[in-house]
Amino acid sequence: MKKVTTESTLGNYKAIVSVDADENLQGILLPLGLKYVLQRQQSIDATLGAFEMVNGKRKRKDKWKRNDVDYSTLMGERLRLNLSSLAMPDSEIPLAVEVDVMEYIRDVAESKFTEERALMTRHESANDLEEWLESKVKFFGDTHGDDGEFNLDALKAVREFKKAALAGL
């Protein structure tokens, strides 16, 4: 048995997950990646409140992001319990999971792009974010990371675009 550990950011939460894996399970987990399994648990968003009932049907809230949920110890415990039953996608292979959930605090590099985030949010609200990034900013990568937040490379590109626009005035 080998312990496989990964950590992931889930909005304002950071989860560290470890699994005891025999050679057979390691062969499945390593290529797939335990982080992928963790990020793709559909029940995470449900636990964090991403859905609402509309006309008797469960519907994802418009523009909901994991970051919309402020950290609380109660929600952290709910998330920990949810992740304790982590399962492989499309498989019935049981996982012996240990979960520790704590508050995720963004580092300086992530938190200092306030103006760029606001600019990208305005374009996202106008449903032209990708078009604007490609045509004006000349950024052709992913707009969002696994945690649903704006991609750091996209924010850096917007900052450079802003600097160039200001220099041209």
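Each reported figure results from applying straightforward, stated rules to the coordinates on display, with no laboratory input. This one's a predicted model, so the numbers in the text were calculated from it and none came from an experiment. No Cβ is skipped: glycine too gets one built from the backbone with ideal geometry, and neighbour counts run over all protein chains shown.
Some observations on this one:
- Relative contact order, percent, the chain [alpha-carbon distance under 8 Å, six or more residues apart]: 24
- For region 1-61, the Kirkwood hydrodynamic radius from C-alpha pairs, put into Stokes-Einstein at 25 °C and a viscosity of 0.890 mPa s, yields a diffusion coefficient of 183 µm² per second.
- Extreme residue, positive dipole direction of region 1-93, given options L25, M53, L74 (C-beta unit charges): M53
- Computed P(r) (all Cα pairs; the chain; 5 Å bins; percent): 1, 7, 14, 16, 15, 15, 13, 9, 6, 3, 1, 0, 0
- Partners for K65 among lysines (Cα-Cα distance below 26 Å; same-chain residues under 8 apart left out): K14, K35, K57, K112, K136, K138, K156, K162
- Karplus-derived 3J(HN,Hα) values for region 127-136, using 6.51 cos²θ - 1.76 cosθ + 1.60 with θ = phi - 60°, are 6, 10, 4, 4, 4, 5, 4, 6, 6, 9 Hz; glycine and proline are entered as x.
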